[in-house]
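Contents: one structure, followed by commentary.
The values are calculated or read from the model by the stated rules, or taken from the named source; none is laboratory data. Fair warning: this is a prediction, and the values are worked out from it, not measured in the lab. Heads up, the Cβs are rebuilt from the backbone with ideal geometry, glycines too, and the neighbour counts pull from every protein chain shown. Protein only, heavy atoms only, side chains kept; ligands, DNA and RNA dropped before computing areas. Shrake-Rupley method; radii C 1.70, N 1.55, O 1.52, S 1.80 Å.
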Amino acid sequence: MKDGARLSEARAYGVLDTSLAAWLALALGLGLSIALWAYVGTHLDEKAHDRFAHRASLAKDSLLSRLQAYKQVLHGGVALFAASDEVSRAEWSAYVAALHLDLSLPGIQGTGFTRMLPAAALAAHVERVRSEGFPDYQVSPPGERDPYSSIVYLEPFDARNRRAFGFDMYAEPVRREAMQRARDSGQAALSGKVTLVQEDGEDVQAGFLIYLPVYEKGMPAATLEERRAALIGFVYSPFRAQSMIHAIFGDGLRDLGIELYDDRIAPETQLYASSAVQAGARHVIVHPVEAGGRRWVVRFSSTPRFEADNASAEASLVLYGGTALSLMLFATLHSNARHRRQMRAAAVDLTRSRDEFRTLVENVPGVVFRCRADPPWQVVHISQDIQALTGAAPADFICGRATFADFIVPEDVTAIITAIDDARAHGTSYEVEYRMRNPEGSLHWVSERGSLSSSEDGSAHWLDGVIIDITERKAAEDAIRNLAFTDPLTRLPNRRFLLDRLRQGLANSRRHGHHGALLFIDLDHFKDVNDIYGHEAGDTLLCEIAERLRACVREGDTVARLGGDEFVVMLEELGDSVEQAHAKATVIASNVLATLNEPCQLGEACHHSTPSIGVACFDGSDERAEDLLRRADAAMYRAKSAGRNRLETATS
């Protein structure tokens, strides 16, 4: 039995002493290298695709957000008609000019109003418009039909938009379908693909339009029949698709190709295709989107720039490294067959130690590193997680193509050096928090813990440590701090923040002798809004009031929400005397009163809200913040007692 065991062992050693073992090792090594190469390549492709998907999702959200903003412009136009008995051409021009759309919402071709006309009213309408200074005005295209429509207002009224003056959009099937959908639903409706009449034959682009119905003031519009009977026209905006996309994204799509289609992907439905679109793109994502009751399809494709930025040599390094290692092992086994057993045992031990160390390092949360102790902290060893943090591969750090100093925010370098010097002076470990920025511009907060060591001769100092990404922790801390001082609904400062600002303001008034004022604002009959329209409408009204208050006061003044429907405005630096402060505070409070009296659109309802305002002046002399707040509150209640929708001044 013992002889048989010895024979088997001898045969095993005999195999190891031949070239067969070397060839087997080579085949196994190459197979593993290819498998690992394929796995790493697939993993990197998946990560690149995830990044591409995120980039495409952000671009889609930007497109939808801009379309929503365009619709809000149209809602403002409808509100203008609802607030006026008749909107003149001059009033429409002034309204559109005040929006500064070329700066705030570039990409919109114009904002106009088209009036619906029964056939019997056509001649009188044409005569009336001609009498306004347009002797050549006519409704086009010519022909008999009922009803007609005519573009009567369109701003800016430039050469391109003048081509659309008097155009009957209702006569064209694609536009008519969108207009009917807007009329029947009472909501904004987006048309199919059209060629705008504004096109002059050069640089012709695909276009579309967004319509919002305008109903006769005072007529009911609750049912389909009532809406059709009450319709007087549409506030609308035409868009040239290419100009709109360029206005939304600018140069932000150099790493992303975008194609925009109406309803389905087909050449005849294409609204836009960027120059960056390439055939055979590595990453393609299709997003169907709903806008204005119409379905669009957005197809995103990766560009050569994106693919180059996300290309990685890691998979090739795995393949080449594995192949080289396999060849070296083959040569070693082939040339040292007589020592196979000893070398194999050593290789097994070495592999085990390497794998154990790698497993240990790679499973430590964060980035494990060894580097020199002085800037720019040349790296000797670093774990794979550094790539997720900086975008640079470990090999880039080890060979010197990248250093920690390349990614650390310059303002934080001094704190790091100080922490390391303190640890060197006291013979202790160190811990420091700082910021790192990757090549894409993303900022990460990190916590670094480490210790210093030296070589055997004591001349070279090393840093051994770990870097942990604490960005989420920092964000959570900021969120908690923000919740403590901010009203979550209106994003205004809350009572706690206001009291702190009041104390500071009173201290500044005492120190410099300046006077200020406090406005205590309470909405009249706010409970009726919740009872009639619901709490969501009440929240919408509160947010609208907050925005209007911000717009009424000066930069540096404080607007806060105490709770419920109560707001406070603190005005500082109003003058060197109580008379000056009272006069300026009264002007500002009157402006607030007038602004808050303007109607607010709550869904389909137009609500008129009024405030009661209490005004209390202060100069910081022996007055607590709570006392000042109570004085303003008492003045506000006097305003309510006096009939509401007014302001009252607190007595000293």
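Under a Cβ-only charge scheme (Lys and Arg +1, Asp and Glu -1), can you give me the dipole magnitude of the chain about the Cα centre, in debye to the nearest 20?
Once rounded to the nearest 20, the dipole reads 1420 debye.
With a 1.4 Å probe and every protein chain kept in, tell me what percent of the accessible surface of the range 133-189 is carbon plus sulfur.
Answer for the range 133-189 is 51 percent, counting heavy atoms of protein chains only.
Helix 314-335 sits at what angle to the longest principal axis of the chain, using alpha carbons and giving 0 to 90 degrees rounded to 10?
With both axes taken from Cα atoms, the answer is about 0 degrees.
Mind checking the range 27-133 for trypsin sites (Lys or Arg not before Pro) that DSSP puts in a loop (not H, G, I, E or B) and that have at most 16 other Cβ atoms within 10 Å?
Here no trypsin sites (Lys or Arg not before Pro) fit, given the DSSP loop and packing criteria.
Please compute the modelled spin-label separation between HIS75 and GLN187, points set 7 Å along Cα→Cβ, answer in nm with one decimal.
1.3 nm
If you take the square roots of the eigenvalues of the alpha-carbon gyration tensor of the chain and sort them as a ≥ b ≥ c, do you get rounded (a/c under 1.5), prolate (a/b over b/c) or oblate?
oblate
Could you point to the residue in GLN242, GLY620, GLY41 farthest towards the positive end of the chain's charge dipole, with +1 and -1 charges on the Cβ of Lys/Arg and Asp/Glu respectively?
GLY41
Only Cα pairs under 8 Å and at least 6 apart count here; give the relative contact order of the range 21-169 as a rounded whole percent.
Across the range 21-169, relative contact order equals 19 percent.
Classify the range 424-564: rounded, prolate or oblate, from the alpha-carbon gyration tensor (a ≥ b ≥ c, eigenvalue square roots; a/c under 1.5 rounded; otherwise prolate if a/b is larger than b/c)?
Because a/c hits 1.5 or more and a/b exceeds b/c, the range 424-564 counts as prolate.
Rolling a 1.4 Å sphere over the protein heavy atoms, what is the accessible area per residue of the chain, to the nearest Å²?
Result: 52 Å² per residue.
In the range 541-598, what GluC sites (Glu not before Pro) fall in a loop by DSSP, with at most 11 other Cβ atoms inside 10 Å?
Sparse-neighbourhood loop GluC sites (Glu not before Pro): GLU555.
What residues from the range 166-186 fall in the zone where the backbone N is under 19 Å from a label point 7 Å along the Cα-to-C-beta line of ALA266?
173-178
Considering only Cα-Cα distances, which of the following residue pairs are longer than 30 Å: LYS71/LYS217; LYS60/LYS193; LYS47/LYS71; LYS217/LYS527?
LYS47/LYS71
The range 383-461: which chymotrypsin sites (Phe, Trp or Tyr not before Pro) are DSSP loop and have at most 11 other beta-carbon atoms within 10 angstrom?
Passing sites in the range 383-461 do not exist.
Kindly express, to the nearest 10 degrees and within the range 0 to 90, the angle between helix 173-185's C-alpha long axis and the longest C-alpha principal axis of the chain.
Value to nearest ten degrees: 80.
Within the range 110-142, which residues have the backbone N less than 19 Å from the label spot 7 Å out from ILE232 along Cα→beta-carbon, could you tell me?
Only 112-130, 132 pass the distance filter.
Ignoring ligands, DNA and RNA, what percent of the accessible area of the range 244-304 is carbon or sulfur (1.4 Å)?
Its accessible area is 46 percent carbon and sulfur atoms.
What percent does the relative contact order of the range 249-302 come to when contacts are Cα pairs within less than 8 Å and at least six residues apart?
It rounds to 41 percent for the range 249-302.
Using the Kirkwood formula on the Cα atoms of the range 186-323, what hydrodynamic radius do you get, in angstrom to one decimal?
18.2 Å
Compute the helix-to-body angle for 471-485: its Cα long axis versus the longest principal axis of the chain, expressed 0 to 90° and rounded to tens.
Approximately 30 degrees, to the nearest ten.
Quick check: net charge around ARG176, other residues with Cβ under 11 Å of its Cβ, Lys/Arg +1 and Asp/Glu -1?
+1
Express the relative contact order of the chain as a whole percentage, based on alpha carbon pairs under 8 Å and six or more residues apart in sequence.
RCO, the chain: 9 percent.
Carbon and sulfur: what percent of the range 581-652's accessible surface (1.4 Å probe)?
50 percent
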